[in-house]
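The structure under discussion appears below in the form of structure tokens.
The values are calculated or read from the model by the stated rules, or taken from the named source; none is laboratory data. What you see is a predicted model; the values in this text were computed from it and never measured. Neighbour counts are summed over all protein chains in view; Cβ atoms, including those assigned to glycine, are modelled from backbone coordinates with ideal geometry.
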């Protein structure tokens, strides 16, 4: 299944850093996201786009994970040559992550 | 009964819609209406505009927005706070007074907040930039340096009777925090309340992004009536808790989910959302449904401010040159790929000097890459863009795309070309004392 089936997301930008909030639709799915959606998994998904560190902050109270990805915006929003210089579309790209079906 | 105030968000960026702000002013039962219109780079561009014309350098829609909302605001005593002053808050305040006079609103009291411009104090110093290098290293490429001011001087303007407060660079949540400080008499060291107020300000600062704008994903997250999206308002209590909602009957929706997306928007460490007034802590925030299109916000807090201010530094970074051309129908992808190879070779042959160059096929690999097995697209658009030291060099990129018409693959069409100046933004931290907030008063 895709992450999209369990969660929604929004991307923000600051300089060359993209931050993406990933939010479980249902509170009971949060633990699963926390287990499966590791910074390593996210970094691998964005290889070729994200060139720096990926940090993850957990907000269990609202069932959300916040990913902060450095070196993700082609040197920074204002000088990036990318069509989507802000990396707004990265939130949807995040939801493409494949998750194993739970046994 | 607990005292509360109602604060609305009339804009979340400089190009935002105006009619939802009018709807809020007329039907929101507001005490305050805040317009956030200043993106990171906007102020550097505004600084360049001001260098060309001393009365320019503020938001292009300032007059239109004031024209639209001032009558309703004056009638109901709604005070306006906005950063539409950009690089020239004084000229912007004069414009607000002029619009008010034109509307017959004589005596309207306007305050302009200056002091965020720290370019003269910073120029030539060894202050380290977050992106590497120092301010001195930028030399004469430096265009602007503006510190993010806090809520205190805005609260002071409101206490002084300002009906409209026009600022340059201030922290976005501070424009919402200031009315709370003013109305509830919060101490500027009351970290939990300043933290909670910052949570509310952060949720409101992007206007429609919390009422269902930028949220819809058909079949997964449906939002009614985006064409008539209502902007948010918050009823804030003196403890800093709030009820976030919108005008009944307006488009969009307010749910815990819309609020959660906005709560995390552009946040790094949610335990330390650093603001000039406070380090806000979002980790204990609760967002509970409270009826139709209403969410109760509680549980925010904060710790002491750092004493440092973030500064946005604008600098000249050369010129972008860009060209695009489309290919469609059978073989579109192959012709697009051929065109890409031809332009790459041409730019090598003419010896183009570009510091950065990128050749994408829109529809294939322009945004997130092609993936493992891309389906053959029915149409693709080649996009070639580079950053060059001169406008003349940048222009050659568009020229090479344009010349594909008679020299490239078959049936390419829809060429567009552009050349634009690049103002890059860097950031650094300075001691708060470097900024010198000052209020200037005008009357319509």
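Here are the numbers for the structure shown:
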{"read-out": "Exclusive hit being more than 10 Å from chain A (Cβ to nearest Cβ) and either within 23 Å of the chain's Cα centre (by Cα) or surrounded by fewer than 23 Cβ atoms within 10 Å (Cβ to Cβ) (or both), set B:242, B:271, B:280", "value": "B:280"}
{"read-out": "Condition met for residue B:374 (surrounded by fewer than 16 Cβ atoms within 10 Å (Cβ to Cβ) and modelled with pLDDT under 95)", "value": "yes"}
{"read-out": "Which listed residue is in a strand (DSSP E or B) and either in the same structural domain as residue B:234 (by TED's automatic domain parsing) or in contact with a helix residue (DSSP H, G or I) (Cβ under 6 Å, 6 or more places away or on another chain) (or both), from B:291, B:302, B:284", "value": "B:302"}
{"read-out": "Enumeration of residues in the range B:387-397 that are surrounded by fewer than 21 Cβ atoms within 10 Å (Cβ to Cβ) and within 14 Å of chain A (Cβ to nearest Cβ)", "value": "B:389"}
{"read-out": "Residue among B:436, B:426 that is at negative phi, more than 14 Å from chain A (Cβ to nearest Cβ) and touching a residue at least 40 places away in the same chain (Cβ under 8 Å)", "value": "B:436"}
{"read-out": "Qualifying positions in the range A:56-79 - over 16 Å from residue A:9 (Cβ atoms) and without any contact (Cβ under 8 Å) to a residue 24 or more places away in the chain", "value": "A:61, A:78, A:79"}
{"read-out": "Qualifying residue in the range B:59-79 (condition: over 22 Å from the mean Cα position of the chain (by Cα), assigned by TED's automatic domain parsing to the domain that holds residue B:116, closer than 21 Å to residue B:199 by Cβ and surrounded by fewer than 24 Cβ atoms within 10 Å (Cβ to Cβ))", "value": "no"}
{"read-out": "Residue within the range A:84-92 that is more than 7 Å from chain B (Cβ to nearest Cβ), surrounded by fewer than 21 Cβ atoms within 10 Å (Cβ to Cβ), over 25 Å from residue B:382 (Cα atoms) and in contact (Cβ under 8 Å) with a residue 24 or more places away in the chain present", "value": "no"}
{"read-out": "Residues within the range B:172-201 that are crowded, with 24+ Cβ neighbours inside 10 Å and farther than 16 Å from residue B:32 by Cβ, tallied", "value": "4"}
{"read-out": "Of residues in the range A:42-59 being away from chain B (no Cβ under 13 Å) and closer than 24 Å to residue B:263 by Cα, the one surrounded by the fewest Cβ atoms within 10 Å (Cβ to Cβ)", "value": "A:43"}
{"read-out": "Residue list for the range B:124-140, restricted to those being crowded, with 16+ Cβ neighbours inside 10 Å and in contact with a helix residue (DSSP H, G or I) (Cβ under 8 Å, 6 or more places away or on another chain)", "value": "B:127, B:129, B:135"}
{"read-out": "Per-region count, the range B:103-162, residues more than 14 Å from chain A (Cβ to nearest Cβ), farther than 30 Å from residue B:198 by Cα and part of a loop (DSSP other than H, G, I, E, B)", "value": "9"}
{"read-out": "Number of the exception - residue B:384 against (1) touching a helix residue (DSSP H, G or I) at 6+ places or on another chain (Cβ under 9 Å); (2) over 22 Å from residue B:319 (Cα atoms); (3) at the interface with another protein chain (Cβ under 10 Å from one of its Cβ atoms)", "value": "(2)"}
{"read-out": "Residue match in the range A:5-28 (condition: more than 9 Å from every other protein chain (Cβ to nearest Cβ), surrounded by fewer than 19 Cβ atoms within 10 Å (Cβ to Cβ) and in contact with a strand residue (DSSP E or B) (Cβ under 9 Å, 6 or more places away or on another chain))", "value": "no"}
{"read-out": "Any hit, the range B:9-17, residues being part of a helix (DSSP H, G or I) and surrounded by fewer than 24 Cβ atoms within 10 Å (Cβ to Cβ)", "value": "no"}
{"read-out": "Test: residue A:33 is crowded, with 17+ Cβ neighbours inside 10 Å, touching a residue at least 60 places away in the same chain (Cβ under 8 Å), away from chain B (no Cβ under 11 Å) and touching a strand residue (DSSP E or B) at 6+ places or on another chain (Cβ under 9 Å)", "value": "no"}
{"read-out": "Residue match in the range B:319-338 (condition: surrounded by 15 or more Cβ atoms within 10 Å (Cβ to Cβ), within 30 Å of residue B:136 (Cα to Cα) and either more than 10 Å from chain A (Cβ to nearest Cβ) or without any contact (Cβ under 8 Å) to a residue 24 or more places away in the chain (or both))", "value": "yes"}
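Here is a yes/no grid of residues against (1) within 26 Å of residue B:315 (Cβ to Cβ); (2) touching a residue at least 60 places away in the same chain (Cβ under 8 Å):
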| residue | (1), (2) |
| --- | --- |
| B:32 | no, yes |
| B:64 | no, no |
| B:82 | no, yes |
| B:86 | yes, yes |
| B:90 | yes, yes |
| B:96 | no, yes |
